[in-house]
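The values are calculated or read from the model by the stated rules, or taken from the named source; none is laboratory data. Values in this document were obtained by computation on a predicted structure and should not be read as measured data. Positions of Cβ are generated from backbone atoms using ideal geometry, with glycine treated the same way; all protein chains shown enter the neighbour counts. Heads up: the accessible areas ignore ligands, DNA and RNA and are worked out on the full protein's heavy atoms, side chains in. Shrake-Rupley method; radii C 1.70, N 1.55, O 1.52, S 1.80 Å.
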Amino acid sequence: MRSKFNLYITEYAINSLLRQKYKTFFIFLVLSALIFLLSSLFFITNSIKHELYSTLDSLPEITIQKIKAGRQDEIDIRVVDDILQMSGVQSAVARVWGYYYFENAGVNFTLVGIEEYEEQYKESLKGVADLLDFDGSSMMVGEGVKRVMDESYYKEYFNFIKPEGTLKRVHIGGTFEGDTELESNDVIVMSKKNIREIFGIDETKATDIVAKVANPNEIATIASKIKLMYPDARVVTKDDLKISYQNIFDYKSGVFLALFIVSLFTFFIIIYDKASGLSSEEKREIGILKALGWMVDDVLKERFYEGFVVSFFSYMTGTVFALFFVYVLRAPLMQNIFVGYSQLKTSFNLPFVLDVQTMALIFFLSVPIYIAATIIPAWRSATLEADEVIR
């Protein structure tokens, strides 16, 4: 008998929402939009952080750069031998790489040089080295680079412009996948010989030097020793990069925080309006229900069902649309809050990262609070006598 009565209360709550369909739809629309906005921002943030920190984990422990006139300059490759002599250094590699601006598409490519029998400083480059033809002028490109080249009708080769103005034709040997899409999306890998020719880098010079340390606890000590040995060098550790990434997110999060505050402010305006009291028509309805024999807990159950239906379906709608917007449509405009508006980059897909804690946070910030704002004013009226409420 009690279960049938609960079913009746649920049916009554749904019919009550349908009787006020315009008001219900407006609240549903506003709540869904707010949850969509918050969910989208959280999803974008979590995905980009996941990509950045995954990329960071694959980087060498120490990077040494030559600084001249406040700018990075080419470093002598003989520095590698000096670093290898230091106790605790597992390996050191002179890197030859740089950015190449493709004016036709308005994007920057990252050109990375490797050698066939050289120890690769990243795991993702080992697989590329097995596929790359070091005897000829060929290169392996990331998926983003391949899309840009196809759009510009470079399907088999690409012409690089050297510093003296002549062209260097390099054949496209295929595509490769890195540890993360952000890492390999705009990368072109070829032999160091070709990189030196394209950028005009001397055989005795390198872009920078990376070192691996056997004991992670000695990274700071070895970095300090390198700095003492080469005072004109910039020594960057993996922890320094992690702090730099966090500072970027702290700065970018200012825009996110502003949107978050505006969304919460709008949401709590709705909550305040709901909790401030019932309309005369809603009070009269509660009085009639009590006169018909409804108990206080029956009225509260009915109001609970109303609040739950509206808030839960708003939460589900906002979350589903946010997932579609971020991971299918690739978050147009909103993604630029964190990655920037510059066109000098190839686009990449955000990796799917389902953060249960984030979804739970949004749920508890919306559904229970809205239900409470629906029940509290109803409880105030339901505790009064039926004739008093009707009057």
Restricting attention to the stretch 133-166, the residues that are open to solvent by 20 Å² or more (accessible area, probe 1.4 Å), assigned to a strand (DSSP E or B), in contact with a His (Cβ under 7 Å, 6 or more places away or on another chain) and of a type in the set (S, T, N, Q) number exactly 0
| message | Considering only the stretch 197-206, I want to know if a residue exists there that is more than 19 Å from Glu164 (Cα to Cα), of a type outside the set (A, V, I, L, M) and open to solvent by 20 Å² or more (accessible area, probe 1.4 Å). | response | yes
Taking first residues from the stretch 359-373 that are open to solvent by 20 Å² or more (accessible area, probe 1.4 Å) and second residues anywhere that are at pLDDT 90 or above and among the aromatic types (Phe, Trp, Tyr), the pairs with Cβ under 8 Å that are 6 or more apart or on different chains are Phe363/Tyr315
Exercise. Output yes when any residue across the stretch 46-68 is open to solvent by 90 Å² or more (accessible area, probe 1.4 Å) and at pLDDT 85 or above, and no when none is.
Key: yes
When every residue in the stretch 14-36 that is open to solvent by less than 40 Å² (accessible area, probe 1.4 Å) and in contact with a Ser or Thr (Cβ under 7 Å, 6 or more places away or on another chain) is compared, the one farthest from Val80 (Cα to Cα) is Leu17
Counting only residues in the stretch 339-356 that are farther than 20 Å from Glu143 by Cα and either aliphatic (A, V, I, L, M) or modelled with pLDDT of 65 or more (or both), the one farthest from the chain's Cα centre (by Cα) is identified as Val356
Filter the stretch 276-307 for residues that are open to solvent by 80 Å² or more (accessible area, probe 1.4 Å) and either at pLDDT 80 or above or of a type in the set (Phe, Trp, Tyr) (or both); the one that is nearest to the chain's Cα centre (by Cα) is Phe304
Of the residues in the stretch 116-132 that are in contact with a strand residue (DSSP E or B) (Cβ under 6 Å, 6 or more places away or on another chain) and not in a helix (DSSP H, G or I), the one that is farthest from Lys238 (Cα to Cα) is Leu132
